[in-house]
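Below is one structure, written out as structure tokens, with a few remarks after it.
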Amino acid sequence: MLEKAPGFFIEMDPATTPHPFVEFRDVTFGYGARAILDGVSFSVPRGKVTALMGASGGGKTTVLRLIGGQQRAQRGEVLFDGQDVVRFDAKALYAARRRMGMLFQFGALFTDMSVFDNVAFPLREHTQLSEALVRDIVLMKLDAVGLRGARDLMPSEVSGGMARRVALARAIALDPDLVMYDEPFAGLDPISLGTAARLIRQLNDTLGLTSIIVSHDLEETFRIADHVIILANGGIAAQGTPDDVRQSNDPLVHQFVNALPDGPVRFHYPGVSIEDDFGNVEGGRS
Ligand SMILES: Nc1ncnc2c1ncn2[C@@H]1O[C@H](COP(=O)(O)OP(=O)(O)O)[C@@H](O)[C@H]1O
Ligand SMILES: [Mg+2]
């Protein structure tokens, strides 16, 4: 099998296959006495888009926080590029976080800063780059999300979909290896949602990232994801390609996959048949 890697092709052979970018091995975690994850194992393949799905309150955001080291697993290993985050000291954690971009759930822009300054923020916080270089990087990232022309606007002047794209540009400002998107489509109209989804896929491939998306939008997420993980009842109900997951016989997965509408929008509001309203037209439908 040929695997696309940034700029070149490598032969995928089990002996040389790179380890997953993120891997959970038998991870148990709870807030206080309340267990959220119970012996969870899964992997996030390098260079791919992985969707993390499941019911609200199932622990998806918690999984991202365990990867980012904001929470520590009580048992098991959380491997980030082969190293156990659970054992990281402050310095190692800081170094690992520099390699992660995060688009937080409900993550808003700083309302008192322009679009430009929002994207520049992580660069100014975490690097000593000159303003000239910051400018070039910000404009490059804004260009990648189609908003180079919107640099001087304030967040109140951009649409919800544009704001999400600015947040995306901010998440990739420091050239991360891994980007984690927590419900990046929430509250977007179908067109903005499609744009954001395609953008996540495109950035993953052109920048050679590994992406994790937490999302409830089954249709759009299955369209762009290479790998799907479904969390349910503290465990993994399914993981695999979108097709594998769709065909899963696990009742939990079946329920999850079918509990959601099969299309982003229904065009026709249900009503009487077209014949009842207009009569049978010649050569018309039967
Ligand atoms: N900081 C916290 N302290 C205590 N409980 C929390 C905390 N964060 C989340 N929880 C609880 O843990 C469970 C999983 O939360 P979360 O990971 O946010 O789920 P999801 O993102 O899948 O909706 C929820 O029941 C939530 O109420
Ligand atoms: Mg969440």
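At-a-glance table
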{"item": "Residues that are away from ligand 1 (no atom under 16 Å from the Cβ), part of a loop (DSSP other than H, G, I, E, B) and open to solvent by 40 Å² or more (accessible area, probe 1.4 Å), drawn from the stretch 191-237", "result": "207, 226"}
{"item": "Selection status of residue 53, in contact with a Pro (Cβ under 7 Å, 6 or more places away or on another chain) and either of a type outside the set (S, T, N, Q) or within 13 Å of ligand 2 (Cβ to nearest atom) (or both)", "result": "no"}
{"item": "Pairs where the first residue, in the stretch 155-178, is touching a residue at least 12 places away in the same chain (Cβ under 8 Å) and the second is open to solvent by 40 Å² or more (accessible area, probe 1.4 Å) and among the polar types (S, T, N, Q), C-beta under 7 Å, 6+ apart", "result": "155/111; 156/111; 161/195"}
{"item": "Hits in the stretch 57-78 - residues which are touching a residue at least 60 places away in the same chain (Cβ under 8 Å) and within 13 Å of ligand 2 (Cβ to nearest atom)", "result": "58, 59, 60, 61, 63, 64"}
{"item": "Subset of the stretch 40-62 [crowded, with 23+ Cβ neighbours inside 10 Å and more than 16 Å from ligand 1 (Cβ to nearest atom)]", "result": "44, 49"}
{"item": "Residue within the stretch 94-106 that is of a type outside the set (Asp, Glu), part of a loop (DSSP other than H, G, I, E, B) and surrounded by 20 or more Cβ atoms within 10 Å (Cβ to Cβ) present", "result": "no"}
{"item": "Residue identified as surrounded by fewer than 18 Cβ atoms within 10 Å (Cβ to Cβ), modelled with pLDDT of 95 or more and either of a type in the set (Gly, Ala, Ser) or within 13 Å of ligand 1 (Cβ to nearest atom) (or both) among 34, 75, 65", "result": "65"}
{"item": "Criterion violated by residue 80 - all others in (1) within 16 Å of ligand 1 (Cβ to nearest atom); (2) in contact with a Lys or Arg (Cβ under 9 Å, 6 or more places away or on another chain); (3) more than 24 Å from residue 146 (Cα to Cα) satisfied", "result": "(1)"}
{"item": "Unique residue being more than 20 Å from residue 101 (Cα to Cα) and not aromatic (Phe, Trp, Tyr) when the list is 189, 205", "result": "189"}
{"item": "When residues of the stretch 110-139 are limited to those that are of a type in the set (Ser, Thr, Tyr) and exposed (fewer than 12 other Cβ atoms within 10 Å of the Cβ), the one nearest to residue 97 (Cα to Cα)", "result": "130"}
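The values are calculated or read from the model by the stated rules, or taken from the named source; none is laboratory data. Every value quoted in this text rests on a predicted model; they were computed, and no experiment measured them. Don't worry about glycine lacking a Cβ; one is built from the backbone with ideal geometry, like all the others, and counts go over all protein chains shown. Ligands, DNA and RNA are excluded from the accessible area calculation, which covers all protein heavy atoms including side chains. Shrake-Rupley method; radii C 1.70, N 1.55, O 1.52, S 1.80 Å.
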